[in-house]
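First up is the structure itself, then whatever we jot down about it.
None of the figures in this text is laboratory data; all of them are computed from the coordinates on show. Just so we're clear, the structure is a prediction, and the values are computed from it rather than from any experiment. Here Cβ is always computed from backbone atoms with ideal geometry, including for glycine, and neighbour counts include all displayed protein chains.
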Amino acid sequence: MRVLSGIQPTGNLHLGNYLGAIRNWVRMQDEMDADSQCFFFLADMHSITVHEGREQRIRNVRDMAAALVAAGIDPDRSVLFNQARVPAHAELCWLLNGTARIGWLNRMTQFKDKAGKDREGASVGLFVYPVLQAADILIYNATHVPVGEDQKQHLELCRDIATKFNTDFGVDLFTLPAPIIPKESARIMSLRDGTAKMSKSDPSDMSRINLTDDDDAIMAKVKKAKSDQELLPETAEGLTGRPEASNLVGILATLTGRTTDAVCAEFAGKGFGAFKPALGEVLVETLRPIRQRFLELRTEDAALDAILDKGAAKAAAAAEPTLRAAYDAMGLMR
């Protein structure tokens, strides 16, 4: 079993990143047997679809590496690296551009969402973004990829590209990756709008819990989080049509490893004046050690670069046989 997942290094991590993805990465890492391996990468080559200054991009990569290690990713047990240190990602992406079809990419809903009405003004990189994602996965012949709802379509495209390449060139080169739907996944919504995902791009810092927020900031954001005037129901079914209430209950359930029904049962008949302090305390206790470790690590640039270099060397060695075989299958002398 070879698991692969990546995250864009575009600013501070927030609670949604941690509960929605990173905590599950740590679980997968810890549950791997001796014959399996996890590859976790910082998608800095994907990040170039958004303009960013050189120094800021470097800082973001190091900060993200520090945050992942602080959250529990162990560079000795998992392969942790950034894309740019492994050129095989970009090389295979270009080879796969000959296999991927414009019609397939035109159907990608994420491009339509991100490009908005200014489709003609969007970068080519944003359009072929899913092909680079396919290369990220196929270069390591990953068997499994953790996916959320917004990435299922891209994994299907990856499988289509792999199948067409294998068929076109008469090889059995690329493994068709299977999705991993984490047992305990969470879709964390904005603290200001229960119908929108928690996002680092939201202009309001009060909409999210950053992993760098101190204890007081976390408590203040939870207390000011949008809720409603109704009392909490006895079961999760009673949260229907109450997006903000559902979000806050879901966060506490995820943090404590309980069902939303169990959380509702504990607070049934109480208002958010009683619920929010309890949620805030759990958040503070959960995030404090991660924040403290992150603040220590982020000042150690040389150590962070050494971690990424070490991971990149492992990743490059794992990628080389597949890249060499892809060139050979296409009749390209390398």
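Counted over the chain, the DSSP beta bridges are approximately 10% antiparallel.
Beyond 16 Å, how much of the Cα-Cα pair distribution for the stretch 90-144 remains, as a whole percent? Write down the numbers at each step before the final one.
Numbers: 653 of 1485 pairs.
The share of Cα pairs beyond 16 Å in the stretch 90-144 comes to 44 percent.
Stretched out straight at 0.36 nm per residue, the stretch from residue 101 to residue 220 would grow longer than its current Cα-Cα span by 37.9 nm. In this structure, the amide hydrogen of residue 44, modeled 1.01 Å from its nitrogen in the peptide plane, lies closer than 5 angstrom to those of 83, 84, counting only residues at least 5 positions away or on a different chain. Considering every alpha-carbon pair of the stretch 267-334, the percent of pairs per 10 Å bin, from zero through the bin containing the longest distance, is 15, 19, 18, 16, 16, 10, 4, 0. Residue-wise HN-Hα couplings along the stretch 128-145, as the Karplus relation 6.51 cos²θ - 1.76 cosθ + 1.60 with θ = phi - 60° gives them from phi, are 8, 2, x, 6, 5, 4, 4, 4, 3, 7, 6, 4, 9, 6, 4, 8, 9, 9 Hz; Gly and Pro carry x. Just need log10 I(q)/I(0) for the stretch 185-334 at q = 0.14, 0.21 Å⁻¹, Debye formula, equal scatterers on the alpha-carbon atoms, no solvent, rounded to two decimals. Those come out to -0.75, -1.28, one per q.
Label separation (residue 206 vs residue 299): 3.2 nm, computed from points 7 Å beyond Cα along the C-beta direction.
Between residue 160 and residue 124, full extension at 0.36 nm per residue minus the direct alpha carbon distance yields a gain of 10.9 nm. About its Cα centre, the dipole of the stretch 205-296 is roughly 160 debye, where the only charges are +1 on Lys and Arg Cβ and -1 on Asp and Glu Cβ.
For the stretch 13-26, backbone phi angles converted through the Karplus equation (6.51, -1.76, 1.60; θ = phi - 60°) give residue-by-residue couplings of 6, 10, 4, x, 4, 5, 6, x, 9, 5, 4, 5, 4, 4 Hz, Gly and Pro being listed as x. Scanning residues 5 or more positions from residue 180 or on other chains, those with amide H under 5 Å from its amide H are 145, 147, with H placed 1.01 Å from N in the peptide plane. Highest mobility in the GNM of the chain, judged by mean-square fluctuation with C-alpha springs under 10 Å and restricted to 119, 27, 291, is found for 119. Amide hydrogen proximity for residue 191: with H placed 1.01 Å from N in the peptide plane, the residues at 5 or more positions away or on another chain lying under 5 Å are 208.
Each part gets one Cα centre, and for the stretch 269-334 versus the stretch 25-90 those centres are 5 Å apart.
Converting phi to 3J(HN,Hα) with the Karplus coefficients 6.51, -1.76 and 1.60 and the offset θ = phi - 60°, the stretch 98-113 yields x, 9, 4, 10, 4, x, 5, 5, 5, 8, 6, 5, 5, 5, 4, 5 Hz in sequence order, with x at every glycine or proline.
Estimated at 0.36 nm per residue, the fully extended path between residue 306 and residue 115 surpasses their Cα-Cα distance by 65.1 nm. Under the simplified labelling scheme, the residue 34-residue 153 pair shows an inter-label distance of 4.4 nm, with each label point 7 Å from Cα along Cα→Cβ. Rounded to the nearest Å, what's the spacing between the alpha carbon centres of the stretch 99-127 and the stretch 208-256? Just the number, please. Cα centres, the stretch 99-127 to the stretch 208-256: 35 Å.
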